[in-house]
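Structure first, commentary second.
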Amino acid sequence: MARDTLLVDFGGVLTTNVFDAFADFCRAEGLAPDTVRDRFMTDPEARGLLGDLETGRIDEAEFEPRFAALLGLERAEGLIDRLFAGMVPEPAMLDAVRAARRGGVRTGLLSNSWGQERYDRATLEELFDTVVISGEVGMRKPSPEIYALAAERLGREPERIVFVDDLPGNLKPAREIGMATVLHRDAGATVAELEQHLGVSLR
């Protein structure tokens, strides 16, 4: 079956690297550069907080002081904004999604969210036929159900979808239901791989 549908992650795919932004934050706060990354990888409490935030069980106002305490920081106000201050849009990937949609490819966003109103909704409407944001649907990647929901909203069988994410663990469930997957590391390589899958020019 031909792949004619593109599903992409947001942070780290349509933007610069999330973990680079976390490292910038840590340096600005006087922490070791890998402090935030290590917390999310090894600390069950930090992972639980993030899961609750991404699924909408807690809001930013509850997450920020609790995560600041885990990091040993006194200033919790604006913590999420500070964490992502170094993350900016990735123009080549945004242009690739625009080109895909112009070329007749159906497009969707599948994103784990960090609270409300952190997306430019006008841009999302321009880029995507459908949007699945974890905090709005009460589940998050890598839960298999959220990939099935994205396929349903796109109106496509998973076998017609190519999914792009910057985290390998988020790709496995997509492959298991039949999606092709692309691990994003840089825009040039990702765009080239997507052009092969979709059969359209994205430049």
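The values are calculated or read from the model by the stated rules, or taken from the named source; none is laboratory data. This structure is a prediction, so every number in the text was calculated from the model and none was measured. Ideal geometry is used to build each Cβ from the backbone, glycine not excepted, and the neighbour counts take in all protein chains shown. With ligands, DNA and RNA removed, areas are computed over all heavy atoms of the protein, side chains included. Shrake-Rupley method; radii C 1.70, N 1.55, O 1.52, S 1.80 Å.
General remarks:
- Selection of the range 133-177 for residues being in contact with a helix residue (DSSP H, G or I) (Cβ under 6 Å, 6 or more places away or on another chain) and either open to solvent by 20 Å² or more (accessible area, probe 1.4 Å) or part of a helix (DSSP H, G or I) (or both) yields Ser134, Met139, Arg140, Pro142, Pro144, Tyr147, Ala151, Pro158, Pro173, Ala174, Ile177.
- The residue of the range 125-165 that is farthest from Leu194 (Cα to Cα), among those that are among the polar types (S, T, N, Q) and without any contact (Cβ under 8 Å) to a residue 60 or more places away in the chain, is Ser143.
- Filtered by the rule that a residue be of a type outside the set (A, V, I, L, M), under 24 Å from Thr181 (Cα atoms) and in a helix (DSSP H, G or I), the range 1-36 gives Phe19, Asp20.
- When the residues of the range 109-132 are filtered to those that are in a loop (DSSP other than H, G, I, E, B) and of a type in the set (Asp, Glu), the one that is most open to solvent (accessible area, probe 1.4 Å) is Glu117.
- Hits in the range 24-49 - residues which are in contact (Cβ under 8 Å) with a residue 40 or more places away in the chain and more than 16 Å from Arg75 (Cα to Cα): Asp24
- Hits in the range 89-108 - residues which are open to solvent by 10 Å² or more (accessible area, probe 1.4 Å), assigned to a helix (DSSP H, G or I) and under 18 Å from Gly155 (Cβ atoms): Arg101
- Residues of the range 166-203 that are without any contact (Cβ under 8 Å) to a residue 12 or more places away in the chain and either within 12 Å of Pro142 (Cα to Cα) or of a type in the set (Val, Ile, Thr) (or both): Arg175 alone.
- Within the range 13-23, the set of residues being crowded, with 21+ Cβ neighbours inside 10 Å and within 24 Å of Ile161 (Cα to Cα) comprises Val13, Leu14.
- Matching residues, the range 24-69, being open to solvent by less than 30 Å² (accessible area, probe 1.4 Å) and more than 25 Å from Ile133 (Cα to Cα): Cys26
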